[in-house]
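Notes to accompany the following structure.
The values are calculated or read from the model by the stated rules, or taken from the named source; none is laboratory data. Remember, it's a predicted structure, so these values are computed and weren't measured experimentally. Note that each Cβ is placed from the backbone with ideal geometry, even for glycine, and that neighbours are counted across all protein chains shown.
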Amino acid sequence: MKICVVGAGAVGGFIGARLAEAGHDVSLVARGPHLEAIRASGLTLAAAGQRRAFSVAASADPADLGKQEAVFIGLKAYSIAAVLPKMAPLLGPDTMVIPAINGLPWWYFYREGGAFQGSSIMCLDPDGSMLRDLDPRHIIGCVVHASAEVIEPGVVTHTGKTLIVGEPDGSRSARLIRFSSVLEAAGFDVKVTDAIRTDVWTKLIGNLSYNPVAALTLARMNEIHANPGILALIAAMMEEAKVVASAYGVHIAMSAADRIKIARKLGSAKISMHQDVERGRPLEVDAIIGAVVELARKAKVATPMIDAVYELIDERGRHLMKSRP
């Protein structure tokens, strides 16, 4: 299959490397030293104590790479809007687009079936341009359960390789079944779901609590788990988010305590928003927590703990950008 990864950083890079290893015609959209290293030495996957390099086409401009059968989007949420119009040269009439991203996706209400079907999440897509710039019929929903990192330019590593995929309308389409088979053959642990939004929310209740708390405290996961007061805050945020999800017809059976048990498996990891603060990068505040606040207000659901943490991390993000050289 001819597959392009737009945003071949940590998660996008590891997905691209696994697909290239399986023999697919993989191309990457990347930039800076990472792109230069891939062009010079290939995309290198560091795993199980070994390094394997894969020769792939790579460019900063999607127009250089031609039409694709599938396109993964591995960008940070705040970078996607500017790139969608540039993706047009990659898309044929049947090209699948798989946003492998954090938080609530901009396409959330596409074929959702509820009162807000077809509408935008305003903090992500205030003028609806994202829904116009990429026809959402191309989209297959995706939730990634993996931790990945660019350890040096051109070199990615990861733990975990679970991908959950589903059509926005919940159907078991022929393209979805075919694509899930491609992913399984490439070594991913694949779950095909008819309720992709449930999987989005199940991951999100962890992200919206742990990520901003880690970014504000600069605590590693084991340090968070050793602090009962912080854990109580995280659990309260999770329970509030479950109520918001329920207001939109998504019922999460997993308790906050069980979600915390899963997070404990990350040991002493430094999670993504913590890393972004330390590296002076923009934070994915809107996709991970701001969108939940917006949906809570629409549904008239009270979320006092989420609201408070949102205001703190949003201000932290603004100051972080002011301090950039």
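Points worth noting:
- Residues that are closer than 21 Å to H274 by Cα and surrounded by fewer than 21 Cβ atoms within 10 Å (Cβ to Cβ) within the range 132-154 comprise H145, A146, S147, E149, V150, I151, E152, P153, listed in sequence order.
- Output for the range 54-73, where each listed residue is farther than 17 Å from M1 by Cβ and buried (at least 17 other Cβ atoms within 10 Å of the Cβ): A58, S59, P62
- Residues that are out of contact with any helix residue (DSSP H, G or I) (no Cβ under 9 Å at 6 or more places or on another chain) and surrounded by fewer than 17 Cβ atoms within 10 Å (Cβ to Cβ), drawn from the range 121-131: P126, D127, G128
- Of all the numbered requirements in (1) of a type outside the set (D, E, K, R); (2) under 22 Å from L19 (Cβ atoms); (3) part of a loop (DSSP other than H, G, I, E, B), I121 misses one, and that requirement is (2).
- Each residue in the range 295-306 was checked for being buried (at least 17 other Cβ atoms within 10 Å of the Cβ) and either in contact with a Gly (Cβ under 6 Å, 6 or more places away or on another chain) or part of a helix (DSSP H, G or I) (or both), and 4 of them qualify.
- Top-ranked residue in the range 74-95 [being touching a residue at least 40 places away in the same chain (Cβ under 8 Å) and part of a strand (DSSP E or B); ranked as surrounded by the most Cβ atoms within 10 Å (Cβ to Cβ)]: L91
- Annotation: of all residues in the range 42-66 being among the hydrophobic types (A, V, I, L, M, F, W, C) and touching a Lys or Arg at 6+ places or on another chain (Cβ under 8 Å), the one that is nearest to P89 (Cα to Cα) is A63.
- Any hit, the range 284-294, residues being part of a loop (DSSP other than H, G, I, E, B) and acidic (D, E): yes
For (1) basic (K, R); (2) touching a Phe, Trp or Tyr at 6+ places or on another chain (Cβ under 8 Å); (3) modelled with pLDDT of 95 or more, each residue gets a yes or a no:
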position: E240; (1), (2), (3): no, no, yes
position: A245; (1), (2), (3): no, yes, yes
position: A253; (1), (2), (3): no, no, no
position: G267; (1), (2), (3): no, no, no
position: E278; (1), (2), (3): no, no, no
position: V301; (1), (2), (3): no, no, yes
position: M305; (1), (2), (3): no, no, yes
position: M321; (1), (2), (3): no, no, no
position: R324; (1), (2), (3): yes, no, no
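- Members of the range 60-70 that are in contact (Cβ under 8 Å) with a residue 24 or more places away in the chain and either charged (D, E, K, R) or over 24 Å from R281 (Cβ atoms) (or both): D61, A63, L65, G66, K67, Q68, E69, A70
- L208 being within 19 Å of P105 (Cα to Cα), touching a residue at least 60 places away in the same chain (Cβ under 8 Å) and assigned to a helix (DSSP H, G or I): yes
- Scoring S171 on the criteria (1) farther than 29 Å from G290 by Cβ; (2) not in a loop (DSSP other than H, G, I, E, B) leaves a single failure, condition (2).
- Counted residues, the range 1-51 - those being part of a strand (DSSP E or B) and out of contact with any strand residue (DSSP E or B) (no Cβ under 6 Å at 6 or more places or on another chain): 2
- Residue-level check: of (1) hydrophobic (A, V, I, L, M, F, W, C); (2) more than 28 Å from H34 (Cβ to Cβ); (3) surrounded by fewer than 17 Cβ atoms within 10 Å (Cβ to Cβ), A185 misses just (2).
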